[in-house]
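Chemist: One structure, pasted below without further comment.
The values are calculated or read from the model by the stated rules, or taken from the named source; none is laboratory data. Source: prediction; values computed, not measured. No Cβ is skipped: glycine too gets one built from the backbone with ideal geometry, and neighbour counts run over all protein chains shown. Just the protein is used for accessible areas: all its heavy atoms, side chains included, with ligands, DNA and RNA removed. Shrake-Rupley method; radii C 1.70, N 1.55, O 1.52, S 1.80 Å.
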Amino acid sequence: KKKPQVGSVLSDIMDNPFYQSLTNEDIQVRTDAVKGLADFAEQIGPQRTLDVLLPTLSDICIDDEDEVLAPLAVELGKFLPLVGGETHIQPVLYLLEGLAKSEETSVCQKAVASLSAIGAQLSEGVFESHFVSLVIRLAESEWFPPKVSACPLFADALKRSSDAKKEQLLPLYVQLCQDETPMVRRAAASNLKNIFPLLHPDVILKYFLDVYHLLAKDPQDSVRFIIVEVAASLASTFRAHNLGEKSLELVKPVVLACAEDRSWRVRYMVASNFVLIANGIGAEATQSLVYVFVNLLKDSEAEVRTAASGKISGVSALLDTQKVISSILPCVAGLVNDDSQQVRSALASDVLLLAPIFGNEGTSQHLLNIFLRLLRDDVPDVRLNIISKLDQVTKVIGLDKLSEHLIPAIIELAEDRQWRIRLSVIRYIPPLAKQLNVDFFTEKLGDLCFGWLEDSVSSIRKASVENLKDLTAVFGEAFAVNNVLPKIVELSKKTNYLHRMTVLLFISQVSPALSEAALNNHILPLALTLASDPVANIRFGAASALETLFPRLSAETKQKVVRPVLQTLNADKDIDVRLYAAQALKAL
Amino acid sequence: IRDIVVPALGTTFPMESFNTQFEKAANKFYAESPSVWDFSQMFGEEDNENSDDDSQDATDNYISSLAFDPQGELLAVGYNSGQVVVLTQQDDWTYQLYSEFKSHDSEFDCLTSTEIEEKINMIRWYPFQSQGQFLMTTNDKTIKLFKLWNKGYVDDTPDIGVKQRRVFSGAHAYNINSISFNSDGETFISTDDLRINLWHTDVSHETFGVVDIKPDDMEELTEVITCSEFHPNDCGLFVYATSKGVVRLCDLRDSALCKGYSKTFKDTESDIGGFFQELVTTVSDVKWSPCGRFLLSRDYLTMKIWDPRMDSRALRTIKFHDHLIPSLCDLYEDDSIFDKFTCSWSGDSMRIVTGSYNGSFYVCDAFGSHITQMTAAPPSAPQRSNNILDSSHKVLHTAWHPSGDVIGLGAKDFGFLYLKQQDDSESESEEEEEESQ
């Protein structure tokens, strides 16, 4: 970023190109200029920032575009030291207050974040006189945007307020929770989860009990579905004060009502926050809510089932295994055949996490069939999700019981038409290899790994080389020399030059994992052969590949074997080859 | 289900007998305060010179949509030319120019090699008040959200800023016919011939399809969506109407994709139009009553009031266009039968208005017991011909002030405002004022 140059006298600032670009007609110029404001203010010093810069900014605030105002709100958040500390912060707060009243959500959010950051650095007195009063002003505004902005700032204000001040702030917040516009009610409700932890349960009950129940019955779906998170936060706050019973009394009816809400979006929120709620009310109380979760797993709306399916392991971890087997597992058996692939996909990525909970015997007895069914799913995503979490199962029961079905599933995915699916499968091969012995792996999956080297998609070929590198790390050098290298040599003789490029990639990627003996005996000859390739791209690739080998070669080999080859390349008819050869020679 | 408060009457009706009591009240209201409307003002200029030169230019000045803002202080008028004119209410209930801006330009869609007209198909105001006013406009493909705000005063006249805040485009394969805000203040729907999309007002890069009636095989296409609207305060409900004369009620709460619908309203009793039945039953506009209790649908020959709780038949069918029936053949030949007339509710949900040919418009109570026919024309204008089919002067667009008795009408390039006559004493004093002015 180019630092703006600043003159010494006031009029110089007016003439400063950076300063002028703040009022440039081109919106992009203004936006860029605003992003450098903090640097500029730092250079001109606090006095002139206050005298000249801030008044200009307040002009900009009046009617500039949102694209300019959003970064302005961010920059203003850094202004506390730049105006010379909190005694001069008032005009900055005033500007941010104006931005927080904006009807554009992104500007408001930035302004609120900046206000919150500045507020946290203010001393007690200034905080109360400037910050808290600002929050109150916003909350008492006539229009909804400032009220929405006030809601997140209440948490900051309450955090540092005396009990007396809280008495003043809380009724105001309660009022926001009952605002006539749904926008304000939403903002107020969603910030309750930040406010409850700051308050004593008695205070919460005193101020928020009625509002909590009102919000839970709000006619707007978008308000009701926030209450689920609020209930979870309420529960954990009460439990932190050892008031578990009271919290259950408050949370349970609301969760039950939300879980049976007519709107699927509200039920969705219960499903996706179920673990949060369960943790809030504790494992014991959760037992009594299992049927609610089971109903969500059977919900008529696929989105709800998807959300619930992703929470199965999280909820099960809180229950005893017998309960999981009797109530949740039957549902899972049904979800395996769900019509919606999103549901099955979510299930596949979560259900394996049950294995550690069930243990060896339980997994074999109850879960194995579910895994195998999902592994045979029609949709690649589902199978992939199973394979990606396979280590969770194999560390419990080992791979033996799965391999019979696993290998065909992997082979099928490896040949999927979608290259992204193939790419994902390759990534899971090395962790899988760790659990197999070399012979078994080579027999079952070896061909697959070598097949990818010749894939038609470049990314797959790259990933396959990386895969071979990881496999070498897993199985050791013998595997590379005995199994991989013959294939690579074969590849280097292919007529398609792209395959020979893959060989070069292999040389630079895998060599570091090999011993010097293997390097000298196998890799170096390969690289030298390719240096005389008819295709220029291969020749200069070989030059670069040779360069990567230098640190591992003896001085003698370098001078006697490599140098002559590079010198030949340096006299090549192709300019790029000469360039790379010269580079390599220089390194030599 | 709640008891309904009707502010205009200051009464709360119990749920059970709502319809009968409401009807009684509406009748009484109508009887006590006769529906006499006075011409208030006319806007728009007839540009004769241009229309002689180039007929295209003449239709450019045609009004294509009308909308009062939720407070009734502003009236937005959209034109075929993509221009939006916003008028502001004065103390004497007349409206004067507030702001004017170009909302849409014509575009060329390179993918389908078609011209996208700049015509404003619909204007909707954001239902909540804040410092600035927000309005949304749409042409066939692109929806735009604008902000209007008062920058300050220059010589006592407000300096109005207009800013385009967001553009929602690329989501409709067919032509957009309507847009409607949700009561949650953050979402809206946009409707084309076959699909309805749900948007968040802050997010223009993604939208969710909630209704899709496109058949797998387009050969099997039998109906298209003509319009849709969200319920005024129940955030999950919206209705859409189709070319088959059907109004369907959907509930967003039921499922993410409204494959089915909660209720369907179709008039199976009346059998008019004969050969043209399918054309005349096409619903051209559907509107929720502001109280949320009733639905009003407009087709070529009638208006129908529906109680959403009763899908067996229309609560009332208001027939005011029967005189067109003998001439349907002529109307078909000059394409008039495809005219899309809109309709509007009064703010108190007790009266409705719709337009017709020959400058006529009809105001009636919500139960169709009293129908008042009037002609939209300045008092000084010469008597119009008696040709009831005169389609050169048709009132296609209507809008009713949300709280007062002001009706906005759009007929070709002219807009008209009508004011309901007040009690005698008041109108006299108004006249006096006018005289003194």
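Chemist: Applying the selection to the range B:255-291, what residues are touching a Pro at 6+ places or on another chain (Cβ under 7 Å) and within 26 Å of B:Ser64 (Cα to Cα)?
Modeler: B:Trp288, B:Pro290
Chemist: Mind telling me which of the residues A:Phe40, A:Phe79 ends up being open to solvent by less than 10 Å² (accessible area, probe 1.4 Å), over 20 Å from B:Gln164 (Cβ atoms) and at pLDDT 90 or above?
Modeler: A:Phe79
Chemist: Can you tell me which of A:Ser129, A:Ser106, A:Ser116, A:Ser123 is open to solvent by 20 Å² or more (accessible area, probe 1.4 Å) and within 14 Å of chain B (Cβ to nearest Cβ)?
Modeler: Only one candidate qualifies: A:Ser106.
Chemist: If I filter the range A:221-234 down to residues being of a type in the set (A, V, I, L, M) and in contact (Cβ under 8 Å) with a residue 40 or more places away in the chain, which single residue comes out as nearest to the other protein chains (Cβ to nearest Cβ)?
Modeler: Here the answer is A:Val223.
Chemist: Confirm whether B:Val224 is surrounded by 22 or more Cβ atoms within 10 Å (Cβ to Cβ) and away from chain A (no Cβ under 12 Å).
Modeler: Here the answer is no, as B:Val224 does not meet what is asked.
Chemist: Tell me whether the range B:197-210 contains one or more residues that are of a type in the set (A, V, I, L, M, F, W, C) and modelled with pLDDT of 95 or more.
Modeler: yes
Chemist: While we're looking at this one, here's another question. If the requirement is being closer than 25 Å to A:Asp202 by Cα, within 14 Å of chain B (Cβ to nearest Cβ) and modelled with pLDDT of 90 or more, which of these qualifies: A:Asp261, A:Asp218?
Modeler: Among A:Asp261, A:Asp218, only A:Asp218 is closer than 25 Å to A:Asp202 by Cα, within 14 Å of chain B (Cβ to nearest Cβ) and modelled with pLDDT of 90 or more.
Chemist: Continuing with this model, one more query. Let me spell it out: the conditions are (1) part of a helix (DSSP H, G or I); (2) surrounded by 22 or more Cβ atoms within 10 Å (Cβ to Cβ); (3) within 14 Å of chain B (Cβ to nearest Cβ); (4) modelled with pLDDT under 95, and A:Lys147 meets all of them except one. Which number is the exception?
Modeler: For A:Lys147, the failing item is (4).
Chemist: Just for the range A:183-209: of the residues that are basic (Lys, Arg) and touching a helix residue (DSSP H, G or I) at 6+ places or on another chain (Cβ under 8 Å), which one is nearest to the other protein chains (Cβ to nearest Cβ)?
Modeler: A:Arg186
Chemist: If we keep just the residues of the range B:186-198 that are part of a strand (DSSP E or B) and within 14 Å of chain A (Cβ to nearest Cβ), which is nearest to A:Thr181 (Cα to Cα)?
Modeler: Here the residue is B:Thr187.
Chemist: Considering only helices (runs of 4 or more DSSP H) fully contained in the range A:29-113, which possess at least 2 residues that are under 24 Å from A:Val135 (Cβ atoms)?
Modeler: Fully inside the range A:29-113 and qualifying: A:54-63, A:66-76, A:79-82, A:90-100.
Chemist: Taking the conditions exactly as written (more than 14 Å from every other protein chain (Cβ to nearest Cβ) and modelled with pLDDT under 90), does A:His213 satisfy them or not?
Modeler: The answer is no for A:His213.
Chemist: Do you know which residues across the range B:227-245 are open to solvent by less than 10 Å² (accessible area, probe 1.4 Å) and more than 14 Å from chain A (Cβ to nearest Cβ)?
Modeler: Within the range B:227-245, B:Cys227, B:Ser228, B:Val239, B:Tyr240, B:Ala241, B:Thr242 qualify.
Chemist: Answer yes or no as to whether B:His370 is in contact (Cβ under 8 Å) with a residue 12 or more places away in the chain, open to solvent by less than 40 Å² (accessible area, probe 1.4 Å) and not aromatic (Phe, Trp, Tyr).
Modeler: Here the answer is no, as B:His370 does not meet what is asked.
Chemist: Against the definition (in contact with a Lys or Arg (Cβ under 8 Å, 6 or more places away or on another chain) and surrounded by 18 or more Cβ atoms within 10 Å (Cβ to Cβ)), how does A:Leu491 come out, yes or no?
Modeler: yes
Chemist: Could I ask something else about it? Which of the numbered conditions does A:Glu180 fail, given that it passes all the others? Conditions: (1) within 14 Å of another protein chain (Cβ to nearest Cβ); (2) in a helix (DSSP H, G or I).
Modeler: (2)
Chemist: Is it the case that A:Leu367 is buried (at least 17 other Cβ atoms within 10 Å of the Cβ), farther than 20 Å from A:Tyr428 by Cα and within 30 Å of the chain's Cα centre (by Cα)?
Modeler: Taking the combined requirement at face value, the residue satisfies it.
Chemist: How do the strands (runs of 3 or more DSSP E) wholly within the range B:247-336 filter down when requiring 3 or more residues that are open to solvent by 50 Å² or more (accessible area, probe 1.4 Å) and of a type in the set (D, E, K, R): which remain?
Modeler: none
Chemist: Right, next: So which of A:Lys395, A:Lys434 ends up being surrounded by fewer than 17 Cβ atoms within 10 Å (Cβ to Cβ) and either under 21 Å from A:Ser313 (Cα atoms) or not charged (D, E, K, R) (or both)?
Modeler: Criteria check complete, one pass: A:Lys395.
Chemist: Going by the conditions given, is A:Arg262 of a type in the set (Lys, Arg), closer than 30 Å to A:Tyr212 by Cβ and surrounded by fewer than 23 Cβ atoms within 10 Å (Cβ to Cβ)?
Modeler: yes
Chemist: Another question, if that's okay. Is at least one residue of the range B:208-218 under 22 Å from the mean Cα position of the chain (by Cα), away from every other protein chain (no Cβ under 14 Å) and buried (at least 21 other Cβ atoms within 10 Å of the Cβ)?
Modeler: Yes, there is a match, as at least one residue in the range B:208-218 is under 22 Å from the mean Cα position of the chain (by Cα), away from every other protein chain (no Cβ under 14 Å) and buried (at least 21 other Cβ atoms within 10 Å of the Cβ).
Chemist: Spot the failing condition for B:Ser183; the list is (1) more than 11 Å from chain A (Cβ to nearest Cβ); (2) within 25 Å of A:Asp221 (Cβ to Cβ); (3) not in a strand (DSSP E or B), and only one is missed.
Modeler: Going through the list (1) more than 11 Å from chain A (Cβ to nearest Cβ); (2) within 25 Å of A:Asp221 (Cβ to Cβ); (3) not in a strand (DSSP E or B), B:Ser183 breaks only (1).
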